[in-house]
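Presented below is the structure to which this report refers.
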Amino acid sequence: MRDPRPHDFASYAMPVEKSLGRRYPEPRHPYRNEYVRDRDRIIHSRAFRRLENKTQVFTRRHSDHFRTRLTHTLEVAQISRTVAQALGLNTDLVEALALVHDVGHPPFGHSGEAILSRLMERYHDRFDHNLHALRIVETFEQKYAEFPGLNLTFEVREGIIKHSRDYDPKLYPELSEYRLDEQPPLEAQLIDLTDEITYNCADLDDGYESRLLTVPRVREAVPLFDRFYRAIERQYPTAIEKLKFNEALKRVLDTLVTDLIEATRERLRELKVRSVEQVRARGSRLAGLSPRLARENRRQKEFLHSSLYSHENISAEREKIVKRVEELFGYFMEHPRSLPARYFAKTKEEPVHRVVCDYTAGMTDNYLEEQRQKHLGGSGV
Ligand code: MG
């Protein structure tokens, strides 16, 4: 049956009719196309629901208003849909990719990820959130009688792997089916950029809300923000600082998103890219900001690194978190029988450190803390 909705995607968009399909063939749905079904499967997965209790930058103890990985993901999905629509890309595929892009992240944000990577290095192995996300959708999600995992289409699995980095085919032979020598479709290329634009702006917002960042500091370090803030001060001289901050920040966000759309459209036009095959065959990615805005965006990112992510309040908490993840990991390495039966059974086929890493990475912040208290005692973070 044909998709009843008329498509007006551009010629360089990834058409669902050309999908390489699912690992386990399934009958078509009468009115949902395959990428829409993928999006729905992602939303109904446990890994997606767990995003609610996973830290983005600030843990819950600071405030209920800060982004979690779930609200961050929803922001990325909204911005990605806007960009995709403006460029004539496949919005269904983009939405599925945006919603799944962070499901492989461990508890406690980048601190959790950094310590898991370090722990795995001790066993000459690695933790990589994209590869972990692939394992989640391929095997860990248990929902269907016919197959393990979510049985997502090739392009969504490919996008999970390729959206944010390139994998060397020589170092990752197990990923060979994902055409590592080809660029992913534009729908996947977009996600890395919309993700970065989203968190750069959201982290400024949460940083200001937490009072770890102040308006004068942001203005001094981020010229793009300063330009808008100055204009807003002229336009609304009596408005309170919080509102001026919001007005300036939303213009920063809008400027970056608009530039991403226009610069990408211009590149596609200049290079006469007219099909997804041409997108795949290029030597480098086509989606991107203009050089000027890419510079501005980098400044914003550097400022967040130097002033927020490494702020002593955040880094003191990070050290505690790192210690707690390390302790729990060490406990399960010594007592693998304390793992849930399903995970313990896997230690017959896989190294224990891999099973412990998979189990730990799947945890929410709260669950990790519960497990730590259960097995090691002590007070909460
Ligand atoms: Mg993200």
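Inspect all residues belonging to the stretch 67-76 and state whether any of them is of a type in the set (Ser, Thr, Tyr), crowded, with 18+ Cβ neighbours inside 10 Å, away from the ligand (no atom under 16 Å from the Cβ) and modelled with pLDDT of 95 or more. The answer is no, given that none of the residues of the stretch 67-76 is of a type in the set (Ser, Thr, Tyr), crowded, with 18+ Cβ neighbours inside 10 Å, away from the ligand (no atom under 16 Å from the Cβ) and modelled with pLDDT of 95 or more. Scanning the stretch 193-250 for residues that are touching a residue at least 60 places away in the same chain (Cβ under 8 Å) and away from the ligand (no atom under 16 Å from the Cβ) turns up GLY207, GLU209, SER210, LEU212, LEU213, ARG217, VAL218, ALA221, VAL222, PRO223, LEU224, PHE225. For the stretch 264-277, the tally of residues that are closer than 21 Å to LEU293 by Cβ and surrounded by fewer than 18 Cβ atoms within 10 Å (Cβ to Cβ) stands at 6. Between GLU334, GLU312, the distinction of being of a type in the set (Asp, Glu), out of contact with any Phe, Trp or Tyr (no Cβ under 9 Å at 6 or more places or on another chain) and modelled with pLDDT of 95 or more belongs to GLU334 only.
With respect to the stated conditions, LYS323 fails to be over 25 Å from the mean Cα position of the chain (by Cα) and either closer than 30 Å to SER11 by Cα or exposed (fewer than 15 other Cβ atoms within 10 Å of the Cβ) (or both). Taken over the stretch 165-188, the criterion of being within 15 Å of the ligand (Cβ to nearest atom) and touching a residue at least 60 places away in the same chain (Cβ under 8 Å) is satisfied by ALA188 alone. Considering the stretch 11-61, and only residues there that are more than 24 Å from the chain's Cα centre (by Cα) and assigned to a helix (DSSP H, G or I), the residue that is surrounded by the fewest Cβ atoms within 10 Å (Cβ to Cβ) turns out to be GLU17.
Here the condition is being more than 16 Å from the ligand (Cβ to nearest atom), hydroxyl-bearing (Ser, Thr, Tyr), closer than 19 Å to ILE161 by Cβ and in a helix (DSSP H, G or I); of THR82, THR139, it holds for THR139 alone.
On the basis of being away from the ligand (no atom under 16 Å from the Cβ) and either over 19 Å from ALA84 (Cα atoms) or not basic (Lys, Arg) (or both), does VAL257 make the cut? No. Checked against (1) of a type outside the set (A, V, I, L, M, F, W, C); (2) crowded, with 20+ Cβ neighbours inside 10 Å; (3) within 11 Å of the ligand (Cβ to nearest atom); (4) in a helix (DSSP H, G or I), SER111 passes all but a single condition, namely (3).
Criterion first (of a type in the set (Asp, Glu), surrounded by fewer than 22 Cβ atoms within 10 Å (Cβ to Cβ) and assigned to a helix (DSSP H, G or I)) does ASP259 satisfy it? In short, yes.
Listed by position, the helices (runs of 4 or more DSSP H) enclosed by the stretch 263-381 that each have at least 1 residues that are closer than 30 Å to MET120 by Cβ are 291-303, 312-334, 341-346, 352-362, 365-376.
All told, VAL103 meets the bar of being crowded, with 23+ Cβ neighbours inside 10 Å, assigned to a loop (DSSP other than H, G, I, E, B), modelled with pLDDT of 95 or more and among the aliphatic types (A, V, I, L, M). Does VAL218 satisfy being buried (at least 19 other Cβ atoms within 10 Å of the Cβ), among the β-branched types (Val, Ile, Thr) and not in a helix (DSSP H, G or I)? So VAL218 does not fit the description; no.
Got at least one residue in the stretch 157-177 being closer than 30 Å to ARG342 by Cα, of a type in the set (Val, Ile, Thr) and part of a helix (DSSP H, G or I)? Yes, that holds for at least one residue.
For ALA98, the stated conditions do not hold, so it cannot be described as within 16 Å of the ligand (Cβ to nearest atom) and surrounded by fewer than 21 Cβ atoms within 10 Å (Cβ to Cβ).
The values are calculated or read from the model by the stated rules, or taken from the named source; none is laboratory data. Just so you know, these numbers come straight off a predicted model, no measurement behind them. Here Cβ is always computed from backbone atoms with ideal geometry, including for glycine, and neighbour counts include all displayed protein chains.
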